[in-house]
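Taking it in order: structure first as structure tokens, then the write-up.
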Amino acid sequence: MTSIGTGYDLSNSVFSPDGRNFQVEYAVKAVENGGTAIGIRCKDGVVLAVEKIITSKLLKPGANKRIATVDRHVGIVSAGLVPDGRHFVSRARDEASSWRGVYKGPIPVSALSNRLGSYVQAYTLYSSVRPFGVTAIVGGWDSEAELAVDGQVGTGPNAGSGGKVEGAKAGGPGLYMIEPSGLYWGYYGAATGKGRQAAKAELEKLDLGSENLSLLDAVKEAARIIYVAHEDSKDKEFELEMSWISSLDGPTKGRHEEVPKELLEEAEKAAKRALEGEDEEEDEGTKSNEGERMQE
Amino acid sequence: MNHFPELWGRPRDDVYGPYNSSYLKSTGPKTHTQSPAVTGTSVVAVKFNGGVAIAADNLASYGSLSRFTDVKRLRVFGESAVVGFSGDVSDMQYIDRLLESIDIRENYSTHGNLLNAKNLHTYLSKVFYKRRSDFNPLWNHILVAGFDGDKKPFLSSADLLGTTYSGPHLATGFGAHLAVPILRRLFPEEKPIEEITKEDAVSALRECLKVLWYRDARSLDKYSIAIITEDGVELNEDQKLEEQSWAFAESIKGYGAQVV
Amino acid sequence: MMSAMGHQSQNGTIGYSFGTPTTAPHKEHSFYPYTDNGGSTLGITGEDFAILAGDTRSVAGYNINSRYSPKVFKIGGEDDTGENAHIILSVVGFAADGHALKERLDAIVKMYKYQHGKPMSVRACAQRLSTILYSKRFFPYYVTAILAGLDEEGKGALYSYDPVGSYEREQCRAAGSAASLIMPFLDNQVSFKNQYIPGSGEGHDLQAKKKELLPMGTVEHLVKDAFTSAVERHIEVGDGLQMMVITKSGIEEKYFPLKQD
């Protein structure tokens with residue numbers, strides 16, 4: 001670590017001579033220790049999943065949720081310092097509520113991510129604060145239907161000025177990842193936390209850009225990827241938490257909800273099976289290698 | 001042309017007279033709504049065995065002008081509560097947005113939205129009472145229909161003063177004069193609501209709306225009706241009172257000035 | 001003289017030197033924050049009990065809002081059932097204010113118990129209620145309240161109030177729309193006003209009937225009679241009679257139907 005002893009890492013908002021903000025980089029370290037969190041964006045919805053390391057046998061299974069709802073159509077999962085994540089969600093809810101106050105409708109996922117990005121970035125500017133110790137994945141669905149304004153009482157004219165526009169396309173899935181620096185990008189698949197490298201490798205294999213994966217398959221993939229990403233910290237037990245947001249005609253009707261218990265269990269079972277399959281292959285591989293070696 | 005730039009481009013006093021700035025009142029006491037503007041008329045509701053039925057027409061009047069004819073005055077809250085609004089429509093919209101924000105916030109908790117109609121009524125009556133105490137009333141009279149904490153059918157009223165009352169059947173506005181007597185005849189208060197079927201309740205509400213359509217000048221034959229049962233809310237917003245007509249009035253003779 | 005008169009007629013009032021107000025002469029609506037929900041209440045005490053009663057009708061003008069809208073409440077009870085309450089309150093007038101007042105007093109009596117570890121005495125509660133009412137002296141709770149319980153000696157205690165907090169302890173009190181009908185009846189039947197001992201003298205020498213506290217059965221009867229009579233003569237009173245009897249063994253609530261016409 002070149003930063004140690006130089007003094008440039010002691011205060012937020014101070015650049016090092018080579019243009020780095022060490023406090024932000026340390027925040028990233030906090031993220032890298034957190035349980036893996038991923039998001040998958042498909043044509044008909046978004047899936048969020050997180051690996052919750054069980055830190056104590058005394059914790060109630062299924063309690064202490066890590067994926068939060070914002071407004072009705074957005075979910076946020078984060079890796080890193082859990083309390084920072086909570087504060088981040090709280091801010092997201094305030095932003096969504098204030099958006100409704102002004103525009104009388106749900107905040108688009110892109111606009112929410114933008115505001116959250118700005119918020120996180122502001123915590124890199126001042127010496128009195130520290131950056132967020134989380135990388136958050138924001139997933140949501142912007143309604144594809146023509147939305148009624150909050151409090152709207154009538155249907156309005158069908159044609160003419162103020163009438164409906166036929167065939168206008170709007171809405172769709174949204175997936176963004178916001179880092180401690182405030183940097184955020186939109187993604188087809190996002191991963192953060194301890195197992196992010198393995199998870200990213202798996203996500204890349206899915207060819208999400210071609211939008212061929214269905215939401216239901218994405219749920220199973222998400223579960224599998226969390227299980228794959230957990231391989232490196234196998235000694236620790238974990239719990240899988242998953243949520244999804246579908247299109248209006250899908251299973252969640254545009255709302256962010258927990259993945260139903262049956263589906264979650266099914267996905268977990270499939271994930272375990274897939275892993276065992278891999279292990280067997282690997283075992284066979286090593287056996288033959290050994291065989292070769294023995295022959296040598 | 002004069003030497004006062006702030007006057008340039010303005011109507012000249014010598015041509016148009018001095019500018020009347022009286023409407024730009026910046027002094028004096030702060031004023032609030034002193035009267036409603038666009039209003040909805042009666043809401044009627046009846047409890048029945050296993051639920052509550054509530055109805056209101058789809059009209060919003062601007063004074064005596066029939067201003068909006070597709071206004072939905074029944075608002076659903078959560079899984080099994082409906083609020084029926086009479087009175088000022090903009091205040092109704094404000095309350096609707098308030099309820100929307102509450103519903104969103106309630107759903108943030110892991111147990112979801114547990115607020116029932118009774119909780120909702122308590123809350124809304126306190127909002128009304130607070131606003132009337134601030135001399136800034138929300139100009140509505142509402143009926144809240146749904147279930148209480150014991151899963152029993154719930155029906156209660158709250159108005160712009162914060163006054164509340166409940167009963168097996170209620171009506172606001174003109175309905176208090178025209179619908180309540182009909183409902184009291186059909187469903188005497190001593191009759192347990194367990195003996196009232198859903199069908200009875202719905203047809204009674206239709207009957208009330210008919211009478212209201214004939215005798216309330218600010219009413220409409222298009223209406224909304226919501227039926228709240230254990231299974232949830234069944235809301236129909238584009239109902240019509242069929243075959244209603246004032247044509248019979250032509251044949252009535254012998255009253256007033258007309259003698260032949 | 002002439003000019004003064006001319007000026008006066010122009011203004012319709014005294015000729016002020018400053019400008020006359022330019023507001024519109026009348027408004028179609030203007031917000032009035034009160035309404036009268038009618039009904040009557042009544043309280044009577046005895047040696048070791050107190051009774052508070054009220055009809056259950058709620059009105060708005062000539063309309064009956066509800067046939068069951070209670071006006072008598074338990075104060076300081078453990079939950080919304082009012083269990084273990086030891087004070088009762090009746091409010092009549094503007095029901096929304098009455099309800100707000102009841103909620104506020106209820107919260108205060110509960111807090112008193114939590115903070116002091118003992119129930120609030122009726123005397124203290126009575127004074128506190130007066131303070132609450134007076135705190136809204138310039139925007140009053142438009143209600144006539146009656147508070148009842150048992151005092152430190154276990155005797156029936158009854159306190160009656162005006163809307164702004166003036167109060168006194170009394171033997172009996174009627175309030176609300178039919179107060180003027182019930183109170184004279186109470187004066188006669190409870191306080192024995194105009195009742196004399198037969199044959200005790202002529203004219204001014206007649207001796208007044210001796211004051212005595214009535215037993216519970218008699219009081220209950222008087223309450224019922226008072227209300228059935230009030231129902232006959234007052235359109236805002238009727239539907240049901242709600243009665244709460246407070247004794248050392250607790251509060252008993254009773255309901256009797258009244259005429260619904």
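For this structure, a couple of remarks:
- Computed over protein heavy atoms with a 1.4 angstrom probe, the accessible surface ordering of C:ILE64, A:ILE225, largest first, is C:ILE64, A:ILE225.
- For the range B:129-138, 3J(HN,Hα) computed residue by residue from phi via the Karplus equation (6.51, -1.76, 1.60; θ = phi - 60°) reads 5, 4, 5, 5, 5, 8, 6, 9, x, 8 Hz, glycine and proline entered as x.
- Estimated dipole of the range B:38-241 in Debye, rounded to 20 [Cβ of Lys and Arg +1, of Asp and Glu -1, Cα centre]: 560 debye
- Karplus-derived HN-Hα couplings along the range A:98-105 (A = 6.51, B = -1.76, C = 1.60, θ = phi - 60°), whole Hz, x at Gly and Pro: 5, 4, 4, x, 8, 9, 6, x
- Amide H contacts of C:ASP48: C:GLY156, each under 5 Å away and 5 or more positions distant or on a separate chain (H built 1.01 Å from N in the peptide plane; Pro and chain starts excluded).
- For A:VAL259, the residues 5 or more places off, or on other chains, whose built amide H falls under 5 Å of its own are A:MET242, A:SER243, A:TRP244.
- Rounded accessible area of A:ARG224 (nearest 10 Å², 1.4 Å probe): 40 Å²
- Cα point-scatterer Debye curve for the range B:38-241, base-10 log of I(q)/I(0) at q = 0.10 Å⁻¹: -0.37
- For B:TRP246, the solvent-accessible surface computed with a 1.4 Å probe is close to 110 Å², ligands and nucleic acids excluded.
- Rh by Kirkwood over Cα pairs, then Stokes-Einstein D for the range C:131-261 at 1.567 mPa s and 4 °C, µm²/s: 76 µm²/s
- For C:ILE87, the residues whose amide H sits under 5 Å from its own are C:ILE75, ignoring neighbours fewer than 5 places away on the same chain, with H placed 1.01 Å from N.
- Cα-based helix-to-principal-axis angle, C:2-11 vs chain C, degrees rounded to 10: 60 degrees
- Ranking B:PHE154, B:PHE85 from most to least accessible surface, computed with a 1.4 Å probe over the protein chains only, gives B:PHE154, B:PHE85.
- Residue ranking by accessible heavy-atom surface, 1.4 Å probe, largest first, among A:TRP185, A:TRP99 comes out as A:TRP185, A:TRP99.
- Averaging 1/r over every pair of different alpha carbons in the protein assembly as shown and inverting the result gives a Kirkwood radius of 32.9 Å.
- Report note on the peptides A:265-276, B:232-243: ranked by the mean count of other C-beta atoms within 10 Å, highest first, their order is A:265-276, B:232-243.
- With the whole protein complex present, B:SER251 retains an accessible surface near 90 Å², based on a 1.4 Å probe.
- Selected from A:GLU257, A:GLU146, A:GLU32 as most flexible by GNM, with chain A as the system and alpha-carbon contacts under 10 Å: A:GLU146
- Cβ neighbours within 10 Å from other chains - mean over B:131-137: 3
- Cα gyration tensor shape of chain A, rounded if a/c is under 1.5, else prolate or oblate by comparing a/b with b/c: oblate
- Förster radius 41 Å - calculated FRET efficiency between A:GLU166 and B:LEU24 (Cβ-Cβ, nearest 0.05): 0.35
- Which listed pairs, of A:LYS57/B:LYS118; A:LYS60/A:LYS194; A:LYS169/A:LYS269; A:LYS43/A:LYS272, have C-alpha distances above 29 Å, in listed order: A:LYS57/B:LYS118; A:LYS169/A:LYS269
- Annotation: aspartates and glutamates with alpha-carbon distance below 14 angstrom to B:LYS47 (same-chain offsets under eight excluded): B:ASP148, B:GLU189, B:GLU190, B:GLU194, B:GLU195, B:GLU199, B:ASP200, B:GLU230.
- With R₀ set to 60 Å, the beta-carbon distance separating A:ILE4 from A:GLU257 gives a calculated FRET efficiency near 0.85.
- Amide N of the range A:228-249 lying under 18 Å from the label point, which is placed 7 angstrom from the Cα of A:ALA201 along Cα→Cβ: A:228-235
- Cα convex hull volume per residue for the range A:185-255 (Å³): 105 Å³
The values are calculated or read from the model by the stated rules, or taken from the named source; none is laboratory data. Given the structure is predicted, the values throughout are model-derived calculations rather than measurements. All Cβ positions, glycine included, derive from the backbone under ideal geometry; neighbour counts span all protein chains shown. These area figures cover heavy atoms from the full protein model, side chains too; ligands, DNA and RNA do not enter into them. Shrake-Rupley method; radii C 1.70, N 1.55, O 1.52, S 1.80 Å.
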